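To keep things clear, I will list the structure first and then write my remarks on it.
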There are 2 protein chains.
Amino acid sequence: MAVRRATISDVASLAGVSIATASKALNGRQDVRASTRQRVLAAAEELAFQPNALARGLLSGQTRTVGLLTSDLEGRFGIPVLMGAEDAFGAGEMAVLLCDARGDAIREQHHLRALLSRRVDGLIVVGESTDPRPSVSKDLPVPVVYAYGPSDDPADVSFVPDDVGGATLAVQHLLALGRRRIAHVTGPADYRAARDRAEGLGAALASAGLPQAGETLWGTWSQRWGRHAAEMLLTAGPEFDAVFCGSDQIAAGFVEAARELGRRVPDDLAVVGYDNWEVLAAETRPPLTTVDPDLERLGRTAAQHLFAAIDGKATPGVHKMACRLVIRDSTARM
Amino acid sequence: MAVRRATISDVASLAGVSIATASKALNGRQDVRASTRQRVLAAAEELAFQPNALARGLLSGQTRTVGLLTSDLEGRFGIPVLMGAEDAFGAGEMAVLLCDARGDAIREQHHLRALLSRRVDGLIVVGESTDPRPSVSKDLPVPVVYAYGPSDDPADVSFVPDDVGGATLAVQHLLALGRRRIAHVTGPADYRAARDRAEGLGAALASAGLPQAGETLWGTWSQRWGRHAAEMLLTAGPEFDAVFCGSDQIAAGFVEAARELGRRVPDDLAVVGYDNWEVLAAETRPPLTTVDPDLERLGRTAAQHLFAAIDGKATPGVHKMACRLVIRDSTARM
DNA sequence: TACGTTTCCGAAAACCTTTAAGTCCAACGG
DNA sequence: CCGTTGGACTTAAAGGTTTTCGGAAACGTA
């Protein structure tokens, strides 16, 4: 550990110039003779000079730092969004101050204060589900962008996955493979994500003039529920040649149970999951065709939009981000 | 968005006192009459005054901010460590600057510069595996603590899970249940984690005077490998009544294949995993007994140690953190 | 030589806060 | 009435950097 850090004043003395000249030389500005600039640069190098970002920020009013407020780091969905954002910010020479409120509104307020006190240039709020969440942006001195979980205030800027479109993608894929009787097993009905995906399924079927195979089965986001639903449907359910599952966990349970009941996937039964959670979707037998909400891209886009909002203007409202279909072996032509 | 933020000078004018008095009133210091303090506090409230952390940091030389440098956010192990650290820092009113180097040394250097330029008070480096990694702490003006992946310089401070001890825990559990012939299926031999766990197994067996059932099977950290190993062992392998798997993924594949081959877990065969990756370990049939490296605690401990290092002295060297055994249904008395 | 122009550099203010040192005044003891 | 004490407040400096503006030297032109 070095004792004291060099300041620009040390650099200036060593180079035999004034502070002002040193500053200009280091920042590549005009009005410095080439030879002088060289001397300053050499001095800075020798002293391992690093400009003090605090002083710089104090003067300029810009910290080149953004706050990232997440309500739930534990969850699986926040991380990819965070990674995408970190990626975009890193490329823009921005630093990210990370705060996890753990779903606690008090802690969120506390973190918000801390971030503002540190004079962040902007804020990204990452929700824990796609359900709208309370806005924090009332009377804030910096721009805010919501990612994954939208703000409940339509005047804010939010980026969310287009779950209706994602479900439509899945259904259109199944229809193109010749499947006609599609069942739906999904998570709890009080999740926006579950309702949106069911809605997408319904819309796609309706526009193809087909009925859904049985009612939508609402349950939990677990493998266990997927197995249970499979047993129910396959022993006493309606006829169906495909099932659209609301998550990869459900789909993994479903294919496992179907397999044990002697149904061949995809021959007898095509299965589509949701989330493209690789560790699960790629390890089931057969590997799952699934909808990928592309959360990393969502995070990156949100970050880029925050840049725009910081030095210019933002387009408010909820932006729906398209999903991708990842085709693996759990679906095939009949 | 407000136009301009109130400074302490605005608060002072509004309260009709000098800046110094305002500062003292706001910071709860002596030499301020109670009534004056009230006036200042009211003024601060009215203007929504937030002290500028930059100015404060510039003066005090402390930013109450630490850098968290991770080589691999994508991986499963960095996140819990990060959460633990974030937890400890949040409690200490510290903020966390997050940087992900994505395993790239250049990017790591770049982030390091950025963090130092922002005058962080300390640094936590989170590795992507338990293998030693190059030290970054040579001639750094701030203390550094390594978490999960230790530094290759013994003079640094590192916190790593005690994989040897974790494996011992698992084996002792199996022995206590009356199992005597224990096989071992694990990941690649070029992972320190795999070697440590195999070593723990060997030591525990040796001190019980028992031989290992067959050679250690080295493979990958995947479910697929677990299945494959199970098929090999159960069709043409040695006699065994328990298997210690190097990861929950391997164990999940193993129990699945064993089940399909008609072996009952835990009756015929006890299975222990490693990592306590809940989504997997709790969803297999039966749920997995597994070793929990308690990474969140590891992160928290590392953070607390960084505090100590920041304002005092640190005890260098590699600190091994004990693991916990989580007992579920995949193990039982014979 | 006198004067205007260009080139390069330095002095000083500004950003916001904390704190050491100094000022003022009332109360109090003698 | 004077000196002392101590409470309540203010002044000013410090922290590191950027930037504006003014100044000096060198050079060209009349």
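Bear in mind these aren't lab numbers, they're just calculated from the coordinates by the rules spelled out. Because the structure is a prediction, the values reported are computed rather than measured. Neighbour counts run over all protein chains shown; Cβ positions are idealised from the backbone, glycine included.
Less than 10 Å Cβ to Cβ from B:HIS184, Lys/Arg counted +1 and Asp/Glu -1: what total charge do the surrounding residues give? All intermediate terms of the calculation are to be shown ahead of the outcome.
On the way: positive: B:ARG197; negative: B:GLU215.
Local charge sum for B:HIS184: 0.
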**Report entry** Dimensions (Å) - chain A, Cα atoms, principal axes, largest first
**Finding:** 88, 38, 36
Query raised in the report: Considering only A:ALA252, B:TRP277, B:PRO316, whose Cα is most displaced toward the positive end of the charge dipole of the protein assembly as shown, charges sitting on Cβ of Lys, Arg (+1) and Asp, Glu (-1)?
Result: B:PRO316
Query - CD proxy at 222 nm, helix term only [per DSSP H run n ≥ 4: -39500 (n - 2.57); per residue of chain A; nearest 500] - result: -13500 deg cm²/dmol
Query raised in the report: Using θ = phi - 60° and the Karplus form 6.51 cos²θ - 1.76 cosθ + 1.60, what ³J(HN,Hα) does each residue of region B:63-74 get, whole Hz, x for Gly and Pro?
Result: 9, 6, 9, 10, x, 10, 9, 10, 8, 6, 5, 4
Report task. Report, in debye and to the nearest 20, how large the dipole of region B:8-51 comes out about its Cα centre when Lys and Arg carry +1 and Asp and Glu carry -1 on their Cβ. Result -> 220 debye
Query raised in the report: Between A:ILE124 and residues 5 or more places away or on another chain, which pairs have amide H atoms under 5 Å apart, with H built 1.01 Å from N, and which residues are they?
Result: A:GLY67, A:LEU68, A:LEU69, A:VAL145
Requested in this report: Using only the Cα atoms of region B:163-293, build the gyration tensor, take square roots of its eigenvalues as a ≥ b ≥ c, and label the shape rounded, prolate or oblate: rounded if a/c is under 1.5, else prolate if a/b is larger than b/c, else oblate.
Outcome: rounded
**Report entry** Kirkwood Rh in Å, taken over region A:108-170 so that all alpha-carbon pairs contribute
**Finding:** 12.7 Å
Query - Net charge, A:ARG264 excluded, C-beta distance under 13 Å - Lys, Arg +1, Asp, Glu -1 - result: -2
Query raised in the report: If amide H atoms are built 1.01 Å from N in the plane of the peptide, which residues on other chains or at least 5 residues away come under 5 Å of the amide H of B:TRP221?
Result: none
Query raised in the report: By how many degrees, between 0 and 90 and to the nearest 10, does the Cα long axis of helix A:248-260 differ from the longest principal axis of chain A?
Result: 30 degrees
Query raised in the report: Quick one: Karplus J couplings for region A:99-111, per residue in order, coefficients 6.51, -1.76, 1.60, θ = phi - 60°, nearest Hz, x for Gly and Pro?
Result: 9, 10, 8, 6, x, 9, 5, 4, 4, 5, 4, 4, 5
Query raised in the report: Hey, any idea what the orientation-averaged projected area of the convex hull of the protein assembly as shown's Cα atoms comes to, in nm²?
Result: 35.3 nm²
Report task. Output, in nm with one decimal and in ascending order, the distances from the B:LEU41 label point to the matching label points of the other copies (7 Å from Cα along Cα-to-Cβ). Result -> 5.6
Requested in this report: Based on alpha-carbon positions alone, could you give the equivalent ellipsoid semi-axes of region B:287-334 from the gyration tensor, as √(5λ), descending, whole Å?
Outcome: 34, 10, 5
Query raised in the report: Straight-line reach from B:LYS24: which aspartates and glutamates have a Cα under 20 Å away, not including same-chain ones fewer than 8 places off?
Result: B:ASP10, B:GLU45, B:GLU46
**Report entry** Neighbour cut-off at most 10 other Cβ (10 Å), DSSP loop, trypsin sites (Lys or Arg not before Pro), region A:262-313
**Finding:** A:ARG264, A:LYS313
Report task. Stick to the Cα atoms of region A:1-114, pair each with every other, and give me the Kirkwood hydrodynamic radius in Å at one decimal. Result -> 17.1 Å
**Report entry** Proximal lysines to A:LYS313, defined as alpha-carbon separation beneath 30 angstrom and excluding residues fewer than eight positions away on the same chain
**Finding:** A:LYS138
Query - Kirkwood Rh and Cα Rg combined as Rg/Rh, region B:47-125 - result: 1.04
Report task. Take the Cα atoms of region B:222-299, find their three principal axes, and give me the spread along each one in whole Å, biggest first. Result -> 43, 19, 18
Query raised in the report: Given the convex hull of the Cα atoms of region B:255-294, what is a quarter of its surface area in nm²?
Result: 2.6 nm²
Query raised in the report: What average number of partner chain Cβ atoms lie no more than 10 Å from the Cβ of the residues making up B:29-37?
Result: 0
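Average partner chain C-beta neighbours within 10 Å, per residue of B:87-98?
4
Add +1 for every Lys or Arg and -1 for every Asp or Glu among the other residues with Cβ under 12 Å from the Cβ of B:GLY90, and state the total.
On the way: positive: A:ARG102, A:ARG107, B:ARG64, B:ARG300; negative: A:ASP100, A:ASP104, A:GLU108, B:GLU86, B:ASP87, B:GLU93.
Neighbourhood net charge equals -2.
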Report summary line: Using alpha carbon centers only, region B:112-171 is separated from region A:289-312 by a whole-angstrom value of 31 Å
Query raised in the report: Can you give the convex hull volume per residue for the Cα atoms of region A:8-51, as a whole number of Å³?
Result: 56 Å³
Query raised in the report: Average partner chain C-beta neighbours within 10 Å, per residue of B:49-60?
Result: 5
Query - Most positive-pole-ward Cα, B:THR36, A:GLY57, B:THR220, against dipole of the protein assembly as shown from beta carbon charges - result: B:THR36
Query raised in the report: Are there trypsin sites (Lys or Arg not before Pro) in region A:1-94 that DSSP puts in a loop and that have at most 11 other Cβ atoms within 10 Å, and which ones?
Result: A:ARG4, A:ARG29, A:ARG33
Report task. Work out which GluC sites (Glu not before Pro) in chain A are exposed loop sites (DSSP not H, G, I, E or B, at most 13 other Cβ within 10 Å) and give the longest gap free of them. Result -> A:94-214
Report summary line: Between A:ARG333 and B:ALA203, the two model label points (7 Å from Cα along the beta-carbon direction) sit apart by a distance in nm of 6.0 nm
Query raised in the report: Based on Cβ point charges of +1 for Lys and Arg and -1 for Asp and Glu, what charge dipole magnitude is obtained for the protein assembly as shown about its Cα centre, in debye rounded to the nearest 20?
Result: 1800 debye
Requested in this report: Along Cα-to-Cβ, 7 Å out, sits the label point; list in nm, shortest first, how far the one on B:GLU74 is from those in the other copies.
Outcome: 2.7
**Report entry** Helix A:78-91 axis, angle to chain A major axis (alpha carbon atoms, nearest 10°)
**Finding:** 30 degrees
Report summary line: Non-local residues with an amide H under 5 Å from the amide H of B:ASP152, with H modelled 1.01 Å from N and Pro and chain starts lacking one, are B:ARG133, B:SER135
